[in-house]
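Okay, so here's the structure we're looking at.
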Amino acid sequence: MRARLAAAVREHLAARGYQEVETPCLVPAPGMEPTLAAFETRFLPEGSGAGARHCLHTSPEYAMKRLLARGLPRIFQLARVFRNGELSAHHNPEFTMLELYRAGTDYRGIMEDLEELVGACALALCAGHEVCGPSGPLDLAPRFERLPVADAFRARAGVDLAACGGQAERLAQAARSAGIDPGRPGDSFEDLFFRIFLERIEPGLGSARPVYLTDWPAPLAALARLKPGDPATAERFELYAGGLELANGFSELTDAAEQRRRFLAEREERRRLGRPPVPVDERFLADLARMPPAGGVALGFDRLLMLLTGARTIGEVLLFPAEELLAPGGTS
């Protein structure tokens, strides 16, 4: 089933003009996201030399955007990616990411490409669009629902995000009024947002049909373009099906100066969280200034396979899950 899914992805995307690419797993700058931890290593030149710190990438995003800037208009990759410390029913420290980018479009065009791909994969593996989700039948036929984040918070949590104005204190008060524990005093807007999100928004999201959760607060989309005329909102989406997060995508930010400012803000947030700082990828920023308008998305390949096969844990769709590799007595 895993091999068939990979073949279906390649066949569908190739027929739509996407070119498969390969980028390095070993990189000097793995990604700035404050919540992610990379696996670190060193390159040691044979014979002599001090060597250099490198990391296994947490995503091929930076390298693939550099390829867009160099003139490749539609690209995808089934990439092995690595995130230190992530191990749960839905997480493995090494997993497969389908990442794709298309020049000349935005997040709306990418949402259309992605839902067509998911539908085609369902047909290839299940001979139909209906699969068995955690709470019953799940229809993967396009077109998927679009649900703005603000509407989801209003309907599912009773919280008006716009009235909070991006301020943590206002969001904490809104949470209390909705009967949600806001947590520790001094938590950031992002901390509070995801506490509400995980308690009230995510459970059961997309239980009968997949749903795109769109238009995220600007502080929660460090690589996304802001909506024209609405600087408080970013053109970002996440795809949910059967309560499972499958993908994260957006209209790409192509302003190198603004991207640098966001990188530095993320580095400060990493320090606040006690995570080691990550160097800014200067080659990426140099190429970003030449990148055309584009959209992109990262889809969890293993999670899509879980959905299509009815698996409840990621270990069921991996030949060598981390639980086996990390278990005592696995080596001698």
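A short reminder: the numbers here are calculations on the coordinates, not readings from a lab. Because the structure is a prediction, the values reported are computed rather than measured. Ideal geometry is used to build each Cβ from the backbone, glycine not excepted, and the neighbour counts take in all protein chains shown.
Taking label points 7 Å from Cα along the Cα-to-Cβ direction, Ser48 and Leu87 give a separation of 4.2 nm. Remark: region 1-117 carries a charge dipole of roughly 220 debye about the Cα centre, counting +1 on each Lys and Arg Cβ and -1 on each Asp and Glu Cβ. Each Lys and Arg contributes +1 and each Asp and Glu -1, all at the Cβ; summed about the Cα centre of region 232-272, the dipole is approximately 320 debye.
Remark: the chain carries a charge dipole of roughly 440 debye about the Cα centre, counting +1 on each Lys and Arg Cβ and -1 on each Asp and Glu Cβ.
GNM on the chain, alpha-carbon springs under 10 angstrom: the most fluctuating residue among Leu161, Leu239, Leu198 is Leu198. Over the residues of the chain, the helix contribution to mean residue ellipticity at 222 nm works out to -10000 deg cm²/dmol, using -39500 (n - 2.57) for each DSSP H run of at least 4. Across the chain, Cα pairs under 8 Å and at least six residues apart give a relative contact order of 21 percent. Within region 236-275, list the residues whose amide N lies under 17 Å from a label point set 7 Å along Cα→Cβ of Glu130. It comes to 242, nothing else.
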